[in-house]
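This report refers to the structure that appears directly beneath it.
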Amino acid sequence: MARDRFAPDFDPDCGDAALTNACHDIVIGRWQGLRDLLRTTGADWLARGHRVRLLAQACAGSSTTETWLAAEPRSADALVLRAATETARAFNLAISAGRGVPIDQHRIDTAVTACLQAADAYLDDPTPWISLISVARLYPAGVRRQELARWWDELHQRDPYSVEGHLQVLHYYSARWHGTHGLMYDFARDAAGVAPPGCALPVLVQYARVEEYRYAIDAGHTGQSAVGLGQHWSNDGALSDVRRTWQRWIMGRPDSGIAPGELRDLNYLAHAACNSGDREVAGALLRMLGPRATRTPWSYTGDAEQQLLKWRKELKLRG
């Protein structure tokens, strides 16, 4: 009997059914579902960060957050979502303008002000500080080092092992934004080095490797041979990084299900393991993920679905 064909599930909400339901409310102009979702999420910072980030992307093209704030102007959750939404809108403008084209600084300032207001409204929440560090990238010259350090301290005090928070700093320090490859990798390795067993922070090194690759592609630095490009993923350092992340994160991780907020991180490690040539780790990660997948980082190196099908076939994984 023929095996069922494997089909990756690229659910944009990463299997978070409650988030999907709330996003349907945005489509029909209701804000009450967003309020209820964030209220029940509470101080689960992993779930809260995941939900706020994706809700903000969905709200960026509507007036849902403004309608919620008009009805409940003192709602801390509404202010946190408004901050993330203004951040998403600023990035949407930057994407539309094109790489290297500055956008109206007033739009960036508006997002920064919204983030600071949200931080004041919900003192324990790390999410507004994540949004703040994210939008800081859009200033053409970045922000003053002391300012970024202060914002980072605020975030770190609230959630010292936030992958999303660290990731925003990593992007800021990258060569595509306001740093260098070396600064980016130093930050990733320093964070990984202090992470306790089972913490996902070691995967920052895999994010850094993807960021370096994207920089080379964006800058047109593709004059190397195909072999040279391939070695970006499979050199000895890349392979060692994969095994180190596997040992420190996955081997120390509780044997539980995959939370929606960590699905992207696992896909980054699986992508790195497949391309590094570590068949044992790659196979274990793809079995662990099953059909659940995120389009990034697979989409940076080709068609996401075709790559997953190819690697599963090479590793002889059943559909």
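The values are calculated or read from the model by the stated rules, or taken from the named source; none is laboratory data. A quick note: this is a predicted structure, and the numbers were derived from the prediction, not measured. Because the Cβ atoms are built from the backbone with ideal geometry, glycine has one as well, and the counts that use them run over all protein chains shown. We work out accessible area using only protein heavy atoms, side chains counted, and drop any ligands, DNA or RNA first. Shrake-Rupley method; radii C 1.70, N 1.55, O 1.52, S 1.80 Å.
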Residue pairs within 6 Å by beta carbon, gap of at least six or interchain, first lying in segment 10-33 and in contact (Cβ under 8 Å) with a residue 24 or more places away in the chain, second part of a loop (DSSP other than H, G, I, E, B) and open to solvent by 40 Å² or more (accessible area, probe 1.4 Å), listed first then second, are Phe10/Arg295
Here the residues within segment 61-78 that are assigned to a helix (DSSP H, G or I) and open to solvent by 40 Å² or more (accessible area, probe 1.4 Å) are Glu66, Thr67, Ala70, Ala71
Asp77 meets each of (1) farther than 24 Å from Glu154 by Cα; (2) out of contact with any Gly (no Cβ under 9 Å at 6 or more places or on another chain) with one exception, condition (1)
Flagged in segment 13-41 as at pLDDT below 95 and in a loop (DSSP other than H, G, I, E, B), in numbering order, are Ile28, Gly29, Arg30
Within segment 49-71, the residues that are within 24 Å of the chain's Cα centre (by Cα) and among the polar types (S, T, N, Q) are Gln57, Ser62, Thr64, Thr65
Result of the Cβ filter at 8 Å on segment 61-75, keeping first residues that are more than 14 Å from Gln117 (Cβ to Cβ) and partners that are polar (S, T, N, Q) and part of a loop (DSSP other than H, G, I, E, B), at least 6 apart or interchain, is Trp68/Ser75
Over segment 123-144, the set of residues assigned to a loop (DSSP other than H, G, I, E, B), in contact (Cβ under 8 Å) with a residue 24 or more places away in the chain and buried (at least 19 other Cβ atoms within 10 Å of the Cβ) is Asp125, Pro126, Arg137, Leu138
Kindly indicate whether Trp45 is of a type outside the set (A, V, I, L, M), on the phi < 0 side of the Ramachandran plot, under 22 Å from the mean Cα position of the chain (by Cα) and modelled with pLDDT of 95 or more.
yes
Looking across segment 175-215 at residues that are at pLDDT 95 or above and of a type in the set (Ser, Thr, Tyr), the single one that is surrounded by the fewest Cβ atoms within 10 Å (Cβ to Cβ) is Thr180
Looking across segment 268-313 at residues that are open to solvent by 10 Å² or more (accessible area, probe 1.4 Å), at negative phi and not in a helix (DSSP H, G or I), the single one that is modelled with the lowest pLDDT is Asp278
The number of residues in segment 253-296 that are basic (Lys, Arg), more than 19 Å from the chain's Cα centre (by Cα) and farther than 17 Å from Phe6 by Cβ is 2
Scanning segment 34-47 for residues that are more than 20 Å from Arg292 (Cβ to Cβ) and touching a residue at least 60 places away in the same chain (Cβ under 8 Å) gives Ala43, Trp45
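Which of the residues that make up segment 187-209 are free of Cβ contacts under 8 Å to residues at least 12 places away in the same chain and part of a helix (DSSP H, G or I)?
Within segment 187-209, Asp190, Gly193 meet the criteria.
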Pairs returned, first residue in segment 79-98 that is without any contact (Cβ under 8 Å) to a residue 24 or more places away in the chain and open to solvent by 20 Å² or more (accessible area, probe 1.4 Å), second residue that is part of a helix (DSSP H, G or I) and not aliphatic (A, V, I, L, M), beta-carbon separation under 8 angstrom, 6 or more apart or interchain, are Leu93/Arg107
Scanning segment 101-122 residue by residue, the ones that are open to solvent by 80 Å² or more (accessible area, probe 1.4 Å) and within 21 Å of Gly42 (Cβ to Cβ) total 2
Scanning segment 149-174 for residues that are assigned to a loop (DSSP other than H, G, I, E, B), touching a Phe, Trp or Tyr at 6+ places or on another chain (Cβ under 8 Å) and open to solvent by 30 Å² or more (accessible area, probe 1.4 Å) gives Asp159, Tyr173
If you go through Arg5, Arg53, the only one that is modelled with pLDDT of 95 or more and open to solvent by 40 Å² or more (accessible area, probe 1.4 Å) is Arg53
